[in-house]
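See structure below.
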Amino acid sequence: MRAIRLLFPIILLTVACDKTSGGESNVGKDSTTITYTASTEDFTNPERGFYRYSETTVDNFTALNATTLASYKSGATPSGGSFSVMSTLVFRYFIMSGYTGKALPDAFLTNLAKDFATARAAGVKLIPRFTYTISVTAGSCPESWICTPYGDAPKNIVLNHIAQLKPVLQANADVIATVQLGFIGVWGENFYTDYFGDASSNGQKQLLDKNWQDRSEVLKAMLDALPVDRMVQIRLPQLKQKFVYGVSALPTSGAMTAEEAATGTDKARIGYHNDCFLSSANDYGTFADYDSSAATPVEATTAMHNFTAMDSKYVVVGGETCSDAYSPQNDCEPSGHAEQEFSDMHYSFLNADYNSEVNNDWQTGGCLDNIKRKLGYRLVLKDATFPSKLSATDSLTATIHMQNEGYAAPYNPRPVQLLLRNTETKKIDTLTFSTEVRKWLTGAVTLRQSFKLPAGIVAGTYEVLLNLPDGYNSLRNMPAYSIRLANNNVWESTTGYNNLNHQITIQ
């Protein structure tokens, strides 16, 4: 991994509609409330947690290994780490060196599809980023450690490559957690670039309207290359402002609202990857204003930080640490504020392999175990109320109280199902809640809904289960892709269901 980086309420979600068309509600009729015990265990869940790093080039393609991916899920110690993590996410660098002026070969697209198939079989998801170079050249330029040419590609080549990648990305979106914008600049971090505006002291020290327009065109192409249920992460939050509100947008531009979230619009699909988490006062330029032609980017940390904190409630956020020098700020509480920053910025994942010095400090400081548990979502059952007896013509009213103790809501859509499993035949009838998991923010989450019992349901005793499977049919019956609740004596590892420890007799 590179050693030098880029410069730079509780919610009450209640559904109380009765969807029956006739039949009597069970409210107040022989109902039972079950309470649950929270677990402190660290365990895997899809699309969240510490991710593992991997890379390959186009011409010397090193395929993902299913055995290695499986070992990540069961727990492994990252290189240079003093801790172990269990990971269901793998960051994947696809380095397109030598292709800054020509099309990608068909063999690479085939290998890319094979990587996705390996991830699917192993029960993990990928975070892809495509870039032309991860190398720097030192010299006598103003920045000295990195000089031009940087080695990325012009816009027309980038757009052609995205068009080539689109069919593979579309076909394998089920095992894509999110895609990072990439392409522009060294490491695909959208900063040191030959073609999209060099805002460093090596270049023009600002980004012009055309630079923002060109970057927005690439971002639009990446959004269009994915299904509407997948997000694209960007490196600089200011790009989202310029993309959504136009090139004249200010750092004080408004963040997304709850009403705009999870709608499938471009605005609702742009998240963030901060590859210099708590590395300086503005995270090495992450929260700077690049419209200025001053000797250094204009200080806009407060405005950009506030924008990102608000906007990130409803989009995917992840990244990595990059410097241990910003201490004690990046340490555990109370001397630092690492956990508070994760919470404020709604982090779902972080690199386990870099920067090991920062990550190891959290192990020494005693907060790493908490970070491991809280990255992304952590859903804890509090109590649930169900009827104990019903007739086939009754409606079933279910009330479930949970607490999201994680830093963020789930960022990809998935159904929330109440399952009735016949204790004798094991046949399952499915009732689906009308809810949106992407709005299950940190804090209280309440599910309350009345269901008409499925037609033809037979008399008998039924176990009640909560199922949060993947949103794609290809993964829906794979337990590795279902959400596990953070409670004792609830999870069924063989089915991926959460057993609510209650039975209903249907007469």
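The values are calculated or read from the model by the stated rules, or taken from the named source; none is laboratory data. What you see is a predicted model, and the numbers here were worked out from it, not measured in a lab. Note that each Cβ is placed from the backbone with ideal geometry, even for glycine, and that neighbours are counted across all protein chains shown.
Annotation note: of SER356, SER348, SER323, SER395, the sole residue that is in contact with a Leu (Cβ under 8 Å, 6 or more places away or on another chain), of a type outside the set (A, V, I, L, M, F, W, C) and in the same structural domain as MET231 (by TED's automatic domain parsing) is SER348.
Inspect all residues belonging to the range 107-124 and state whether any of them is of a type in the set (D, E, K, R) and either farther than 21 Å from GLY182 by Cβ or buried (at least 19 other Cβ atoms within 10 Å of the Cβ) (or both). Scanning the range 107-124, I find at least one residue that is of a type in the set (D, E, K, R) and either farther than 21 Å from GLY182 by Cβ or buried (at least 19 other Cβ atoms within 10 Å of the Cβ) (or both), so the answer is yes. Among the numbered conditions (1) over 24 Å from THR435 (Cβ atoms); (2) modelled with pLDDT of 95 or more, the only one that THR35 does not meet is (1). Scanning the range 437-460 for residues that are β-branched (Val, Ile, Thr), under 18 Å from ASN498 (Cα atoms) and either touching a Cys at 6+ places or on another chain (Cβ under 6 Å) or surrounded by fewer than 20 Cβ atoms within 10 Å (Cβ to Cβ) (or both) turns up just one, THR446. Restricting attention to the range 297-315 and to residues that are in a loop (DSSP other than H, G, I, E, B) and surrounded by 17 or more Cβ atoms within 10 Å (Cβ to Cβ), the residue that is nearest to the chain's Cα centre (by Cα) turns out to be VAL315.
Matching residues to (1) in a strand (DSSP E or B); (2) farther than 23 Å from LEU278 by Cα; (3) more than 23 Å from the chain's Cα centre (by Cα):
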site	(1), (2), (3)
GLN340	no, no, no
TYR347	no, no, no
ASN359	no, no, no
TRP362	no, no, no
GLY376	no, no, no
VAL380	yes, yes, no
THR397	yes, yes, yes
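What about TYR93, is it assigned by TED's automatic domain parsing to the domain that holds ASN359, outside any loop (DSSP other than H, G, I, E, B) and within 18 Å of HIS161 (Cβ to Cβ)? Taking the combined requirement at face value, the residue satisfies it.
Checking each residue of the range 348-361 against the condition of being β-branched (Val, Ile, Thr), surrounded by fewer than 19 Cβ atoms within 10 Å (Cβ to Cβ) and either under 30 Å from GLY81 (Cβ atoms) or at pLDDT 95 or above (or both) gives no match. The strands (runs of 3 or more DSSP E) found entirely in the range 428-507 that carry 2 or more residues being under 28 Å from the mean Cα position of the chain (by Cα) and within 23 Å of ARG48 (Cα to Cα) are 443-452, 460-467, 497-506. Is it the case, given these coordinates, that ALA384 is touching a strand residue (DSSP E or B) at 6+ places or on another chain (Cβ under 8 Å) and farther than 23 Å from ALA288 by Cα? Spelling it out, ALA384 is indeed touching a strand residue (DSSP E or B) at 6+ places or on another chain (Cβ under 8 Å) and farther than 23 Å from ALA288 by Cα. When the test is whether a residue is surrounded by fewer than 18 Cβ atoms within 10 Å (Cβ to Cβ) and not in a helix (DSSP H, G or I), SER87 does not pass it. Can you pull out every residue in the range 29-83 that is surrounded by 18 or more Cβ atoms within 10 Å (Cβ to Cβ) and among the aliphatic types (A, V, I, L, M)? VAL58, LEU64, LEU69, listed by residue number.
Does the range 170-185 contain at least one residue that is touching a Gly at 6+ places or on another chain (Cβ under 6 Å) and outside any loop (DSSP other than H, G, I, E, B)? Checking the range 170-185: not a single residue is touching a Gly at 6+ places or on another chain (Cβ under 6 Å) and outside any loop (DSSP other than H, G, I, E, B). It is to be established whether one or more residues within the range 275-288 are buried (at least 16 other Cβ atoms within 10 Å of the Cβ), in a helix (DSSP H, G or I) and more than 15 Å from the chain's Cα centre (by Cα). Scanning the range 275-288 turns up no residue that is buried (at least 16 other Cβ atoms within 10 Å of the Cβ), in a helix (DSSP H, G or I) and more than 15 Å from the chain's Cα centre (by Cα).
Being surrounded by 19 or more Cβ atoms within 10 Å (Cβ to Cβ) and of a type in the set (Phe, Trp, Tyr) is the filter here; which residues of the range 211-264 pass it? Result: TRP212, PHE243.
The set of residues in the range 135-190 being among the hydroxyl-bearing types (Ser, Thr, Tyr) and surrounded by 14 or more Cβ atoms within 10 Å (Cβ to Cβ) consists of THR137, THR148, TYR150, THR178.
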